[in-house]
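*Asks:* Below are the structure tokens for one structure; questions will follow.
The values are calculated or read from the model by the stated rules, or taken from the named source; none is laboratory data. These numbers come from a predicted model, not from an experiment. So basically every Cβ, Gly included, is an ideal-geometry build from the backbone, and we count neighbours across all protein chains shown. These area figures cover heavy atoms from the full protein model, side chains too; ligands, DNA and RNA do not enter into them. Shrake-Rupley method; radii C 1.70, N 1.55, O 1.52, S 1.80 Å.
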Amino acid sequence: MAVLVKDIAAVVKENHNLNQTQSLAIVKDVFGAVADALVAGEDVQVTNFGTFKPHTRAERKGRNPQTGEELLIPATKTASFKLGKQLRDAIKNS
């Protein structure tokens, strides 16, 4: 089961005595800041959680599976996430 933004906002609401609108706005702002930093090419490190890093995949050769024709797959931008040690250990020991 996936955890949705509204589920995270519900936890923020309960833990900080906020209403649903306020907590949802805070969660959206946090994820928006992470996205903005990645788009700007910056790493985002969340202590005890992990690090998001922007990456560029190099241009490479590929094949069309239907025709077998060779084609060039263009470079693309993406992001990766590396678990922090504390979270990695928590998952490992659960």
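*Asks:* With unit charges on the beta carbons (Lys and Arg positive, Asp and Glu negative) and the dipole taken about the Cα centre of the stretch 38-88, which residue among Gly41, Gly62, Leu83 sits farthest to the positive side?
*Replies:* Leu83
*Asks:* Still on this structure, please answer the following. With charges set only on the Cβ (+1 for Lys and Arg, -1 for Asp and Glu), what does the dipole of the stretch 15-76 come to about its Cα centre, in debye to the nearest 20?
*Replies:* That gives a dipole near 180 debye.
*Asks:* Name the most mobile residue of Leu83, Leu38, Leu72, meaning the one with the largest mean-square fluctuation, in a Gaussian network model of the chain with Cα contacts below 10 Å.
*Replies:* Among Leu83, Leu38, Leu72, the largest GNM mean-square fluctuation belongs to Leu72.
*Asks:* For Glu70 paired with Asn48, estimate the spin-label separation in nm (one decimal), with each label point 7 Å from Cα along the Cα-to-Cβ line.
*Replies:* 5.3 nm
*Asks:* Determine the gain in length on full extension of the stretch Lys6-Val39; use 0.36 nm per residue of separation and subtract their C-alpha separation, reporting nm with one decimal.
*Replies:* This chain segment gains 9.5 nm when fully extended.
*Asks:* Then there is this: Straight-line reach only, C-alpha to C-alpha below 15 angstrom: list the aspartates and glutamates that Lys6 could link to, leaving out same-chain residues fewer than 8 apart.
*Replies:* Excluding near neighbours in sequence, the set is Glu14, Asp29.
*Asks:* Could you tell me whether the stretch 50-89 comes out rounded, prolate or oblate from its Cα gyration tensor? Rule is a ≥ b ≥ c as square roots of the eigenvalues, rounded for a/c under 1.5, then prolate if a/b exceeds b/c, otherwise oblate.
*Replies:* Because a/c hits 1.5 or more and a/b exceeds b/c, the stretch 50-89 counts as prolate.
*Asks:* While we're here: Once the dipole of the chain is set up with Lys and Arg at +1 and Asp and Glu at -1 on Cβ about the Cα centre, which of Val3, Gly32, Asn15 lies farthest towards its positive end?
*Replies:* Among Val3, Gly32, Asn15, the one farthest towards the positive end of the dipole of the chain is Val3.
*Asks:* Residues of the chain: accessible area per residue at 1.4 Å, in Å²?
*Replies:* Normalised by residue count, the accessible surface of the chain is 82 Å².
*Asks:* Further question: Kirkwood hydrodynamic radius for the chain: how many Å is it when counted over pairs of different Cα atoms?
*Replies:* Roughly 16.5 Å, rounded to one decimal.
*Asks:* Okay, next question. So how tilted is helix 5-16 from the main axis of the chain? Cα-based, degrees 0 to 90, rounded to 10.
*Replies:* Computed tilt is about 30 degrees.
*Asks:* I need the trypsin sites (Lys or Arg not before Pro) found in the chain, filtered to DSSP loop residues with at most 16 other beta carbons within 10 Å of theirs.
*Replies:* Taking the chain and a limit of 16 other Cβ atoms within 10 Å, no loop trypsin sites (Lys or Arg not before Pro) are found.
*Asks:* Still on this structure: On C-alpha positions alone, give me the angle between the axis of helix 20-39 and the longest principal axis of the chain, in degrees, nearest 10.
*Replies:* The helix 20-39 is inclined about 30 degrees to the chain.
*Asks:* Under a 10 Å cutoff between Cα atoms, tell me which one of Asn17, Asn64, Asn48 has the largest fluctuation in the Gaussian network model of the chain.
*Replies:* Among Asn17, Asn64, Asn48, the largest mean-square fluctuation in the Gaussian network model of the chain belongs to Asn64.
*Asks:* A further question follows. Among all the aspartates and glutamates, which ones have a C-alpha under 20 Å from Lys85's C-alpha, if same-chain residues fewer than 8 places away are not counted?
*Replies:* List returned: Asp43.
*Asks:* Another question about this same structure. Give me the net charge of Leu71's neighbourhood, meaning all other residues with Cβ under 9 Å from the Cβ of Leu71; Lys, Arg count +1, Asp, Glu -1.
*Replies:* Neighbour charge sum, excluding Leu71 itself: 0.
*Asks:* For the chain, modelled as a Gaussian network with Cα springs under 10 Å, which listed residue fluctuates most, Ala37, Ala79, Ala58?
*Replies:* Maximum among the listed residues: Ala58.
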